[in-house]
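First up is the structure itself, then whatever we jot down about it.
The values are calculated or read from the model by the stated rules, or taken from the named source; none is laboratory data. Nothing here was measured: the structure is a model prediction, and the numbers come from that model. In this analysis, Cβ positions are derived from the backbone assuming ideal geometry, glycine residues included, and neighbour counts consider all displayed protein chains.
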2 protein chains.
Amino acid sequence: MGKRRYLILAPDHFVNDAKTAHGVIRYGKDETVAVVDRSCAGSSVQKVLPHLRSDAPIVASVSEGLRYHPNTLLIGTAPQGGKLPAQWRRDVLTALEAGLDLVSGLHDMLAEDAEFVRAAHAHGARIWDVRKPPLVPLFSGAVYAVRAPVLLAVGNDCNVGKMTVMIELANAAAAAGTTAEFVPTGQTGIMIAGWGIAVDRVISDFTTGACERLVLQADARHPRYVLVEGQGSINHPAYAPVTLALLFGCAPDALILVAAPRRKHIEAFETPTLSYMELIEIHETLCATVKPAKVVGIALNTNGLSETQAHDEIERARSETGLPADDVVRLGATDLWHAIQPQLIKREPLRSCVPA
Amino acid sequence: MGKRRYLILAPDHFVNDAKTAHGVIRYGKDETVAVVDRSCAGSSVQKVLPHLRSDAPIVASVSEGLRYHPNTLLIGTAPQGGKLPAQWRRDVLTALEAGLDLVSGLHDMLAEDAEFVRAAHAHGARIWDVRKPPLVPLFSGAVYAVRAPVLLAVGNDCNVGKMTVMIELANAAAAAGTTAEFVPTGQTGIMIAGWGIAVDRVISDFTTGACERLVLQADARHPRYVLVEGQGSINHPAYAPVTLALLFGCAPDALILVAAPRRKHIEAFETPTLSYMELIEIHETLCATVKPAKVVGIALNTNGLSETQAHDEIERARSETGLPADDVVRLGATDLWHAIQPQLIKREPLRSCVPA
């Protein structure tokens with residue numbers, strides 16, 4: 001497939017609840033030619049979300065978006081449970097009937113929807129379900145032999161910016177003259193990087209095997225460092241198992257803690273978020289049972305805070321933990337990258353002293 | 001389906017590597033009429049594994065087993081990765097062609113195998129893939145409102161007897177005049193109890209939802225207690241995510257630690273097993289971040305040890321932890337049940353102090 005020209009579908013959700021759209025617009029290699037969201041139609045991405053650095057127009061319908069010559073429709077939101085809202089079917093069909101390819105990160109597999117498949121076939125369109133995982137083997141321990149030090153992002157909640165932090169750090173590493181391979185583990189990361197596995201979609205027994213395979217694939221490109229996008233949070237009542245799959249399956253040598261500093265509870269649950277020290281302790285304790293790894297830095301998401309508040313939160317993170325802390329979106333990733341790089345050293349897994 | 005009469009297929013693995021066969025023979029409500037294992041053909045279950053309390057004969061082939069009038073072929077082993085060994089296909093076809101139903105706990109879905117489906121259809125046989133999970137919703141927190149206290153088994157490794165301990169405790173509870181609903185979370189437990197979900201087969205994002213649903217289903221039968229079969233181990237490099245899914249998704253009020261006391265490393269990995277105190281600490285720390293639960297007792301698997309060694313290990317567990325400890329297979333579950341029952345009290349999840 002050549003260069004994609006995306007029309008992004010995010011009805012009524014573009015500004016507040018479309019992290020897939022935001023990630024692809026900000027970091028993707030392909031161009032976004034327009035966004036479909038009737039609630040802010042007539043405006044532009046530049047006007048409603050200037051930090052995304054795109055002047056794509058926002059339009060009211062897919063038909064209207066066709067005017068900007070897209071070749072691909074991208075589903076720009078990730079609703080809870082990953083289902084396609086029924087009222088979006090007409091939009092998807094309109095795009096397929098216009099010959100646009102379809103890229104989706106939903107749990108619903110659109111390439112298994114008979115009506116979509118017929119429309120795609122009739123108009124020469126292709127459907128890419130980004131979240132559909134390949135068959136992977138069980139975890140084998142092969143990951144313990146990768147050469148590049150592996151840095152994994154962990155977080156105090158979902159949706160705090162773990163992917164963004166790892167992309168920004170990889171870019172900072174490149175700017176500093178070294179190589180760091182970004183490893184996508186969720187749908188948005190996969191759309192941006194063009195490869196990866198949506199670990200949350202893998203059959204539970206095989207999640208650590210999927211993580212292992214991703215790190216092996218990244219290492220095979222011989223980067224100096226491997227930077228893995230994290231998922232969920234270790235005390236997320238629903239998604240912690242995915243977090244633990246990354247923690248054991250990627251066999252990281254170091255962790256970076258990504259946190260929204262004023263978030264009080266996990267997503268829609270009443271479960272309290274943990275303090276920085278509690279988060280460091282619980283991740284390091286778990287890693288210590290298989291392959292030791294330390295938290296080497298903290299990346300804060302101070303989105304919504306004033307300059308002073310952001311500065312205060314960064315200072316608080318530093319003083320509470322004694323670790324380098326920063327907001328890589330607000331202040332750039334160069335400083336944090338240079339602060340953590342010396343800590344990215346290859347480590348060994350534990351071995352039991354069983355006579356062979 | 002009426003009463004099943006099982007022919008159990010366990011070629012060359014019946015004695016040492018057929019925990020599904022052993023569990024179904026020992027605890028299942030259906031009768032096992034014969035076992036297929038050429039390596040010990042001519043013997044009987046009674047002779048090779050007396051603790052299973054069955055006088056079923058062991059035969060060399062499925063054809064020979066038909067003499068005992070089975071109505072169902074059960075795949076009696078759970079090979080790594082859950083694949084059907086190619087050399088077993090002929091046996092499975094012979095059974096289907098004789099009109100036997102097929103029960104399988106493999107990851108390979110036999111009801112999706114075209115050759116098996118044709119044979120089953122032609123001879124009126126049915127195929128039950130025990131491990132195939134239903135569609136389940138995401139975790140919602142509804143499990144926090146169940147009425148019965150929930151006891152979950154955790155272990156120092158896979159394959160230490162977590163299912164057996166929970167069935168024995170449920171039986172001891174019944175003998176003591178109360179009701180305890182056993183919740184199966186793996187293929188053998190499902191075959192024994194006739195319901196349940198193989199959590200290791202569920203898509204990662206939905207594993208906690210599957211656990212929640214199982215506990216809700218058990219609680220809907222109004223038992224005094226809910227006893228959940230555990231899976232894996234919290235520091236198992238490959239399967240720990242399944243363990244954590246049970247720990248958060250079942251929202252247990254108490255934990256029972258099941259351990260093989262002299263196991264030094266996790267399954268085929270070099271990862272060392274944890275000490276009792278390390279295991280207690282790590283499970284209680286994780287639970288404390290969502291809904292607190294304590295380890296209330298230790299069930300040891302002293303299989304292979306002498307009477308004296310077993311006694312010593314039970315004493316060591318008691319003195320290292322201060323908790324009630326016993327081997328419920330060797331010594332019966334009555335004592336352990338009475339020791340832990342007072343600790344099975346309903347507990348509340350954490351709530352963050354966010355103004356509504």
Fill in: Residues within the range B:55-104 that are under 24 Å from the mean Cα position of the chain (by Cα) and of a type in the set (Ser, Thr, Tyr), tallied
3
Item to complete: Could you tell me whether A:Ile282 is within 7 Å of chain B (Cβ to nearest Cβ), in contact (Cβ under 8 Å) with a residue 40 or more places away in the chain and closer than 24 Å to A:Leu336 by Cα?
Response: yes
Practice prompt. Can you tell me which residue within the range A:227-238, out of those that are more than 7 Å from chain B (Cβ to nearest Cβ) and part of a loop (DSSP other than H, G, I, E, B), is surrounded by the fewest Cβ atoms within 10 Å (Cβ to Cβ)?
Written response: A:Ile234
Discussion item. Between B:Pro11, B:Pro79, B:Pro50, which is out of contact with any strand residue (DSSP E or B) (no Cβ under 6 Å at 6 or more places or on another chain), surrounded by fewer than 21 Cβ atoms within 10 Å (Cβ to Cβ) and within 14 Å of another protein chain (Cβ to nearest Cβ)?
Written reply: B:Pro79
Item to complete: Report those strands (runs of 3 or more DSSP E) wholly inside the range A:79-197 carrying at least 2 residues which are farther than 30 Å from A:Tyr225 by Cα.
Response: A:101-104
Item to complete: Could you give me the residue pairs with C-beta distances under 7 Å whose first residue belongs to the range B:123-151 and is away from chain A (no Cβ under 14 Å) and of a type in the set (Gly, Ala, Ser), whose second residue is surrounded by fewer than 16 Cβ atoms within 10 Å (Cβ to Cβ) and in a loop (DSSP other than H, G, I, E, B) wherever it lies, and which are 6+ apart or on separate chains?
Response: B:Gly124/B:Gly99; B:Ala125/B:Gly99; B:Ala148/B:Arg224
Worksheet entry | Unique match (being without any contact (Cβ under 8 Å) to a residue 24 or more places away in the chain and either of a type in the set (Gly, Ala, Ser) or touching a Cys at 6+ places or on another chain (Cβ under 6 Å) (or both)) among B:Ala198, B:Ala180, B:Ala174, B:Ala170 | B:Ala174
Practice prompt. Of the numbered conditions (1) in contact with an Asp or Glu (Cβ under 6 Å, 6 or more places away or on another chain); (2) more than 10 Å from chain A (Cβ to nearest Cβ), B:Val242 fails exactly one; give the number of that condition.
Written response: (2)
Worksheet, complete the sentence: When (1) crowded, with 19+ Cβ neighbours inside 10 Å; (2) in contact with an Asp or Glu (Cβ under 9 Å, 6 or more places away or on another chain) are applied to A:Ala111, the one that fails is (1)
Practice prompt. Would you check which residues across the range B:272-302 are under 25 Å from A:Lys264 (Cα atoms), part of a helix (DSSP H, G or I) and touching a strand residue (DSSP E or B) at 6+ places or on another chain (Cβ under 7 Å) and list them?
Written response: B:His283, B:Glu284
Worksheet, complete the sentence: Flagged in the range B:246-271 as in contact with a Cys (Cβ under 6 Å, 6 or more places away or on another chain) and not in a loop (DSSP other than H, G, I, E, B), in numbering order, are B:Leu246, B:Gly249
Response to the item:
Quick count over the range B:319-356, residues being crowded, with 17+ Cβ neighbours inside 10 Å and either at pLDDT below 95 or not in a loop (DSSP other than H, G, I, E, B) (or both), is 11
Worksheet item: When you look at A:Leu300, is it surrounded by 21 or more Cβ atoms within 10 Å (Cβ to Cβ) and under 22 Å from the mean Cα position of the chain (by Cα), yes or no?
Response: yes
Discussion item. For the list (1) under 15 Å from A:Arg5 (Cβ atoms); (2) out of contact with any Asp or Glu (no Cβ under 7 Å at 6 or more places or on another chain); (3) at pLDDT 95 or above, I need the number of the one condition that A:Arg126 fails.
Written reply: (2)
Worksheet entry | Count of the range B:245-260 residues which are within 14 Å of another protein chain (Cβ to nearest Cβ), surrounded by fewer than 24 Cβ atoms within 10 Å (Cβ to Cβ) and touching a helix residue (DSSP H, G or I) at 6+ places or on another chain (Cβ under 8 Å) | 0
Discussion item. Just to be sure before I move on: is A:Glu270 surrounded by fewer than 21 Cβ atoms within 10 Å (Cβ to Cβ), over 29 Å from A:Pro79 (Cβ atoms), without any contact (Cβ under 8 Å) to a residue 24 or more places away in the chain and not polar (S, T, N, Q) in the structure I sent?
Written reply: no
Practice prompt. Would you be able to tell me the number of residues in the range B:191-201 that are away from every other protein chain (no Cβ under 14 Å) and more than 13 Å from B:Gly76 (Cα to Cα)?
Written response: 4
Practice prompt. Scan the range B:200-225 residue by residue and report those that are part of a helix (DSSP H, G or I) and of a type in the set (A, V, I, L, M, F, W, C).
Written response: B:Phe206, B:Ala210, B:Cys211, B:Leu214, B:Val215, B:Leu216, B:Ala218
